[in-house]
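The block underneath contains the structure these notes are about, expressed in structure tokens.
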Amino acid sequence: MRTFDVVIVGAGIIGLSTAYQLGRRGRCSVLVLEKGRAVGAGSTGASSAVCRFRYSRDDMVALALDGISTYRDWQAFTELKAPRASFNHDGVLWLTGEDREFAPREAERMSKLGIAAEVLYDDDLAERFPSFSRRVRMPDLETGEDHGDEAGGVHLFEPDGGWIDPVASAEDLLEAARNRGVTVEFGQQVTEIQREGGRVTGVKTASGEDISCPVVVNAAGPWCTQLSEAAGVSVSWDLVPTRIQVLYLDRGDSLPGHIPVTADVAGGIYFRTQNNGQQLVVGSVREEDEREAVADPDHFQTIHDDEFAYTQLHLLSHRLPGLPQHGRVRGYCGLYTVNRDDVHPVLGETELGGFWVANGFSGHGFKIAPAIGAMMADAIDGPLTGGADSFSTAVPLEAFGVGREPLILESRSVLA
Ligand SMILES: Cc1cc2nc3c(=O)[nH]c(=O)nc-3n(C[C@H](O)[C@H](O)[C@H](O)COP(=O)(O)OP(=O)(O)OC[C@H]3O[C@@H](n4cnc5c(N)ncnc54)[C@H](O)[C@@H]3O)c2cc1C
């Protein structure tokens, strides 16, 4: 029988980040088992991978800072000569409509937390992002009322934010982890968690293999509750696989200038470019678009809804009035695991000794994954030895511990 010190279930961005951080420590043998045929089979493959810093909680801002700093220094972190992924330094723009207090207040708060943040007024917007309308109110989706062209908003800009290709990043982590001695196997579904005397003793795979290990990490993304149930562990959090829709379309040549990653809170949409700025990726930041629970993560509607596309494009064309009126709009749906209790992750060892969870990341998991990997590896195996680690985090795991009370939040949307 094969024996490992740690078995990680799931080769998404969380499982791979944890595996690589354990590999960097070099003290334990690590096996990652992934039921898909390649990385990106779950949430990670569908992710918009927006890397923004602003969250309402300071500990989430710190996690975002630590995660994004790692993506910004990706080659040094992965130790790869030619990583597939590199950070797109597009900046992140927050348009908050009629709320003129948000940007100055949050810019000051972010500066205190060590994050570059600027307040932009309409003239700055026009100069830096000439494709953008300055309207502070979006049309009413129910009544159709246009709300006019009133300007005068005050906007927040995070110059160090951006995005990074999610699948390429995961592929880099796969290679980096293997270089550090981690074993990663695809087409390997974990079907049972074995236990004895209140502790994990191993896992069984769909091929019938028993693998002995004292530690199992549930990094199974939208399948996390299934896996915890297989372990006989009742995690008290409501972690719901949720269908999330995204559109993409050609940018055309009628939108001049730079288009940053944008959280258009007034309109309820976010967007960014991809393919060297030639395409736009568009999604929703409305809470009601994060409510479609999926009973079986292996079977759900992966094609977007026409109604969703109509709404997003309608709002987008009010923010980017030069948006091409013709051309093909495509879309897809992925799943993320919404923690319905407080939309934040749930981390740590459960009541079953040696069975760890890193689940419930809602729409935030990609940007914070490098920090989560460091946090999980520290908790399972202790910190990296031999000097300070610039790819770590000081945020304590207990802040998001599986045994905590739900967090009190001002918003439960993806922008929480
Ligand atoms: C449309 C969309 C947009 C998003 N946008 C952003 C964003 O802009 N910014 C951001 O920070 N985050 C974003 N997210 C969220 C982020 O992508 C996720 O939080 C993150 O990818 C979660 O990673 P994970 O490793 O936990 O899960 P996953 O990527 O789902 O990985 C879990 C893996 O476990 C495997 N698995 C499951 N069960 C088993 C089993 N029994 N045996 C073996 N393998 C198993 C699955 O096949 C899967 O590959 C978005 C997500 C989606 C879907």
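Rounded, prolate or oblate: which one fits the range 20-75, using the alpha carbon gyration tensor with axes a ≥ b ≥ c (rounded when a/c is under 1.5, else prolate when a/b beats b/c, else oblate)?
Taking the square roots of the gyration eigenvalues as a ≥ b ≥ c, the range 20-75 is oblate.
The 3J(HN,Hα) values that the Karplus relation (6.51, -1.76, 1.60; θ = phi - 60°) gives for the range 270-287 are, in residue order, 10, 7, 8, 9, 8, 6, 6, x, 7, 10, 10, 10, 10, x, 9, 10, 7, 4 Hz. Gly and Pro appear as x. Of the peptides 352-358, 205-211, the order by per-residue mean of other Cβ atoms within 10 Å, starting with the highest, comes out as 352-358, 205-211.
Of the peptides 300-307, 359-366, 255-262, 108-115, the ranking by mean beta-carbon count within 10 Å, highest at the top, reads 359-366, 255-262, 108-115, 300-307.
How large, in percent, is the carbon and sulfur part of the accessible surface of the chain at a probe radius of 1.4 Å?
Using a 1.4 Å probe with all protein chains present, the chain comes out at 46 percent carbon and sulfur.
Magnitude of the charge dipole for the chain, about its Cα centre and with charges confined to Cβ atoms of Lys, Arg (+1) and Asp, Glu (-1), is about 1220 debye.
The lysines within cross-link reach of Lys35, meaning a Cα-to-Cα straight distance under 25 Å and a gap of 8 or more places when in the same chain, are Lys204, Lys367. Sorted on the mean count of surrounding Cβ atoms within 10 Å across their residues, most packed first, peptides 80-89, 40-49 read 40-49, 80-89.
Looking at the chain, the DSSP beta bridges with both ends there are about 70 percent antiparallel.
Solvent exposure of the chain amounts to 41 Å² per residue of accessible area, where only protein heavy atoms count and the probe is 1.4 Å. Only DSSP H runs of four or more residues enter the estimate; each adds -39500 (n - 2.57), and after division by the residues of the chain the mean residue ellipticity at 222 nm equals -7500 deg cm²/dmol.
The values are calculated or read from the model by the stated rules, or taken from the named source; none is laboratory data. Since we're looking at a predicted model, the values are computed, not measured. Note that each Cβ is placed from the backbone with ideal geometry, even for glycine, and that neighbours are counted across all protein chains shown. For the accessible areas, the whole protein counts, side chains as well, though only heavy atoms, and no ligand, DNA or RNA atoms are used. Shrake-Rupley method; radii C 1.70, N 1.55, O 1.52, S 1.80 Å.
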